Amino acid sequence: MIDFKQLAEQYGTPLYIYDLEHMTGQFSSLGSAFKGRKSLMAYAVKANSNLSVIKHFAQLGAGADCVSIGEVRRAMLGGIAKYKIIFSGVGKRDDEIREALERDILYINVESAAELERVDAIAQELGIKARISIRVNPNIDPKTHPYISTGLHDNKFGVDLDTAKRMYIRAKNSKNLDPVGVHFHIGSQLTELVPIREAAIIVADLVRSLQALDIELSFFDVGGGLGVEYDDEKTIEPYAYAQALLSTLTGLDMTIICEPGRFLTANAGYFLTKVLYEKQNGKKRFVVVDGAMNDLLRPSLYNAYHRIELLENDAEATTADIVGPVCESGDFLAKDYMLPMTKHNDLLVVNSAGAYGFGMGSNYNTRGRSAEVAVEKGEARLIRRRETFEDLIALEEEFVK
Ligand code: LLP
């Protein structure tokens, strides 16, 4: 049990808290579902890129899926072996491609024909052969929130099958490129297995057709996307997930790579915030708290639901909007939420905040970002200190005339 009250006293609010043992449990359950097959769990660093969290996964043997050179650097600093690091993303700059090649990571996941040309040219300059995979967009509807769907041709990610095939042939014929893998990722917070399996079937067929052209790929990268329970959604069991994917690979001797983010961290994380005021505008009840959209953006951006508990208060509940101090009507943590009448300094625990929580935060309204705390074996430790006003102005101050 996490002693939220004690943590609030010790570290202040708003505060992010991560249960590292929960992360370990999630990592093992997914990893063991793929046991008996060559596999790599490449943690999607964007979900929670705190260095101590990355280090925790590194110690469990994870690889990393990165979407900027900053994330690649973080992954390596956190102790993830370079040969377990993948670099994806639709818009890699030349300097990012160069550094990734110099760092000799597992492969660059290429997302367009134009990018392939840049990787080829930069590898030539460096006098090396660049290991690449190609992100295929299988045009499958993942049936999730439109902002986190990625596997439809309407989305900016990856390339269609025909383009992918041409790119593999182009890569095979280049002395600077070594096509080693194939990748797809159809979306995030997936709760249905059928679209994932359909995508895997399409991509496995592409792998077979490439074999006929003498192009042998070693890595079958199925992306991330496994959904978690925020409310009462029915989620996919790791074992069923693994079986559905592995059954599409009959006859192919490939290492399977997963890029889980949310599955590993979401329900290990809590966002702790304190009640400032209650107010009533006409019939509408508002609970104003010290955490806001700049700390946890998911409710504002996706209308995402996070379960919220009020500690040590069992007064009668009515509905309220739980809102932060930021000057935007879109600044809320929950709408029409059943909550007991609160008092000044009551504590609210926002659940499932370990993925895409802190990382999507900002300094909007000149608000310093929260501190982050890790809990392990009953002990809490600070893993990022709270930002101060001085931190926020540090990059501007010297330029004021
Ligand atoms: N691999 C690729 C190529 C991805 O684009 C993503 C997520 C992942 C792996 C990890 O997906 P996960 O296992 O975490 O679902 N900010 C949104 C989620 C954006 C996900 C972007 N890509 C949210 O808060 O729901």
Open item on the list: Cβ-Cβ distance below 7 Å, separation of 6 or more or different chains: which pairs start in segment 35-51 with a residue that is within 13 Å of Gly354 (Cα to Cα) and end on one that is among the hydroxyl-bearing types (Ser, Thr, Tyr) and part of a loop (DSSP other than H, G, I, E, B)?
Closed with: Ala47/Tyr356
Open item on the list: Looking only at segment 253-287, count every residue that is closer than 30 Å to Asp221 by Cβ, in a strand (DSSP E or B), away from the ligand (no atom under 13 Å from the Cβ) and among the hydrophobic types (A, V, I, L, M, F, W, C) and tell me the total.
Closed with: 1
TODO: Just name the residue that is modelled with the lowest pLDDT out of those in segment 153-207 that are within 16 Å of the ligand (Cβ to nearest atom) and small (Gly, Ala, Ser).
DONE: Gly158
Task: Matching entry among Ala199, Ala171, Ala204 (being small (Gly, Ala, Ser), surrounded by 14 or more Cβ atoms within 10 Å (Cβ to Cβ) and touching a Gly at 6+ places or on another chain (Cβ under 8 Å)) - done: Ala199
Open item on the list: Tally up the residues in segment 251-296 that are over 27 Å from Tyr83 (Cβ atoms) and either touching a strand residue (DSSP E or B) at 6+ places or on another chain (Cβ under 7 Å) or not aliphatic (A, V, I, L, M) (or both), please.
Closed with: 27
TODO: Read through the list (1) in contact with a strand residue (DSSP E or B) (Cβ under 6 Å, 6 or more places away or on another chain); (2) away from the ligand (no atom under 16 Å from the Cβ), then give the number of the only condition that Asp221 fails.
DONE: (2)
Open item on the list: Can you find, within segment 297-316, the residue that is farthest from Leu15 (Cα to Cα) among those that are modelled with pLDDT of 95 or more and in contact with a strand residue (DSSP E or B) (Cβ under 7 Å, 6 or more places away or on another chain)?
Closed with: Ser300
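For (1) of a type in the set (S, T, N, Q); (2) over 21 Å from His145 (Cα atoms), each residue gets a yes or a no:
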residue: Gly225; (1), (2): no, no
residue: Glu229; (1), (2): no, no
residue: Thr235; (1), (2): yes, no
residue: Ala242; (1), (2): no, yes
residue: Leu245; (1), (2): no, yes
residue: Met254; (1), (2): no, yes
residue: Gly261; (1), (2): no, no
residue: Thr265; (1), (2): yes, no
residue: Leu272; (1), (2): no, yes
Open item on the list: Just checking, does segment 288-303 include any residue being part of a strand (DSSP E or B), touching a residue at least 24 places away in the same chain (Cβ under 8 Å) and closer than 26 Å to Thr144 by Cβ?
Closed with: no
- [ ] Residue by residue through segment 132-152, note down the ones that are away from the ligand (no atom under 13 Å from the Cβ) and in contact with a Ser or Thr (Cβ under 9 Å, 6 or more places away or on another chain).
- [x] Asp141, Lys143
Task: Criterion violated by Glu99 - all others in (1) surrounded by 15 or more Cβ atoms within 10 Å (Cβ to Cβ); (2) closer than 17 Å to Leu177 by Cβ; (3) out of contact with any strand residue (DSSP E or B) (no Cβ under 8 Å at 6 or more places or on another chain) satisfied - done: (2)
Task: Scope segment 340-380; condition within 16 Å of the ligand (Cβ to nearest atom) and on the phi < 0 side of the Ramachandran plot; matching residues - done: Val350, Asn351, Ala353, Gly354, Ala355, Gly357, Phe358, Gly359, Met360, Gly361, Ser362
Open item on the list: Anything in segment 97-128 that is within 16 Å of the ligand (Cβ to nearest atom) and either part of a helix (DSSP H, G or I) or within 22 Å of Ser218 (Cβ to Cβ) (or both)? List them, or say none.
Closed with: Ala100, Ile105, Leu106, Tyr107, Ile108, Asn109, Val110, Glu111, Glu115
TODO: Output the qualifying pairs, or none if there are none: Cβ atoms under 9 angstrom, residues six or more apart or on different chains, first residue in segment 208-236 and in the same structural domain as Asp178 (by TED's automatic domain parsing) and more than 25 Å from Leu193 (Cβ to Cβ), second residue of a type in the set (D, E, K, R) and surrounded by 18 or more Cβ atoms within 10 Å (Cβ to Cβ).
DONE: Leu210/Lys165; Leu213/Lys165
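Condition (residue is of a type in the set (A, V, I, L, M, F, W, C) and more than 15 Å from the ligand (Cβ to nearest atom)) applied to segment 38-49: is it met by at least one residue? Break it down stepwise before answering.
First, pick out the residues of segment 38-49 that are of a type in the set (A, V, I, L, M, F, W, C): 40-42, 44-45, 47.
After this cut, where a residue has to be more than 15 Å from the ligand (Cβ to nearest atom) as well, the list is none.
There is no residue in segment 38-49 that is of a type in the set (A, V, I, L, M, F, W, C) and more than 15 Å from the ligand (Cβ to nearest atom).
The values are calculated or read from the model by the stated rules, or taken from the named source; none is laboratory data. Everything numeric in this text was worked out from a predicted model, so none of it was measured. Note that we place each Cβ from the backbone using ideal geometry, even for glycine, and neighbour counts take in every protein chain shown.
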